[in-house]
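In what follows, a structure is listed as structure tokens, so that the remarks can point back to it.
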Amino acid sequence: MELSQHQKGYVQPSRADELLQSALLFHQSTADETWAKVANTSWLAQYNEDGPVREGLGLAQEGIFLSDLIEQLIEEAEMSPSTQRRFPTLSKQRYVEALESIWHLLSALQYWEGLSSVEKGGYLDLAERDEMLEKMLSKLKMYRADPEAYIRGDYESIKPEPA
């Protein structure tokens, strides 16, 4: 989402919310109960004395970033009894890893002032994007082939996966 690569100042806040809410409705059910939930989803901003520090998805009325909410669930790391019954093979470790994946997805959509220097003003050339994805795929294949060697940085010892 392009909003994660810019401070929201380049888009009117209400327009950012409209785009976000429209996209959510486009990809979700438009059942009666969905409209109110989507209407409370907003593009929030957190500021310090120098300006925006972070922007991202959140609950408009409460002013809570969704990533912060998921981070709290990770910290608590407790599976409810109903979750345990529904997913009896899910370990606590895998449960936390799933929550961390959700956190990463939400964080990927956020604008972080601390990362603005690598966002290139929101511009990413498609060829450059594809090259970056291929490099990451190569690294992922090396990790899958030998996780321990990859983490150690012993890339020469890793045998590539068969094609």
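For region 111-163, enumerate the residues that are among the β-branched types (Val, Ile, Thr) and modelled with pLDDT of 85 or more.
Ile151, Ile158
Which residue is modelled with the lowest pLDDT, if the candidates are limited to region 45-89 and must be acidic (Asp, Glu) and surrounded by 13 or more Cβ atoms within 10 Å (Cβ to Cβ)? Give the steps one after another, and end with the answer.
Going through region 45-89, the residues acidic (Asp, Glu) turn out to be 49-50, 55, 62, 68, 71, 75-76, 78.
This time we only want the ones that are surrounded by 13 or more Cβ atoms within 10 Å (Cβ to Cβ), so: 55, 68, 71.
Numbers: Glu55: 86, Asp68: 95, Glu71: 94.
That would be Glu55.
Ser29: part of a helix (DSSP H, G or I) and either of a type outside the set (A, V, I, L, M, F, W, C) or modelled with pLDDT of 90 or more (or both), yes or no?
Details: part of a helix (DSSP H, G or I): no; either of a type outside the set (A, V, I, L, M, F, W, C) or modelled with pLDDT of 90 or more (or both): yes.
Against the criterion (part of a helix (DSSP H, G or I) and either of a type outside the set (A, V, I, L, M, F, W, C) or modelled with pLDDT of 90 or more (or both)), Ser29 does not qualify.
Can you tell me which of Ser22, Ser42 is under 18 Å from Ile102 (Cα atoms) and modelled with pLDDT under 90? First the steps, then the outcome.
Working: Ser22 fails: under 18 Å from Ile102 (Cα atoms).
Result of the check over Ser22, Ser42: Ser42.
Take the conditions within 26 Å of Thr41 (Cβ to Cβ) and modelled with pLDDT of 90 or more and apply them to Ala108. Does it pass? Show your work before the answer.
Details: within 26 Å of Thr41 (Cβ to Cβ): yes; modelled with pLDDT of 90 or more: no.
In short, no.
Does Glu55 satisfy the criteria of being of a type in the set (D, E, K, R), closer than 30 Å to Asp17 by Cα and in a helix (DSSP H, G or I)? Can you show your working first?
Values: of a type in the set (D, E, K, R): yes; closer than 30 Å to Asp17 by Cα: yes; in a helix (DSSP H, G or I): no.
So Glu55 fails the test.
Assuming Arg54 fulfils every condition listed in (1) free of Cβ contacts under 8 Å to residues at least 24 places away in the same chain; (2) of a type in the set (D, E, K, R); (3) within 25 Å of Glu100 (Cβ to Cβ) apart from one, which condition is it?
In the conditions (1) free of Cβ contacts under 8 Å to residues at least 24 places away in the same chain; (2) of a type in the set (D, E, K, R); (3) within 25 Å of Glu100 (Cβ to Cβ), Arg54 misses (1) alone.
The values are calculated or read from the model by the stated rules, or taken from the named source; none is laboratory data. It should be emphasised that the depicted structure is a prediction, and the values quoted were computed from it without experimental measurement. All Cβ positions, glycine included, derive from the backbone under ideal geometry; neighbour counts span all protein chains shown.
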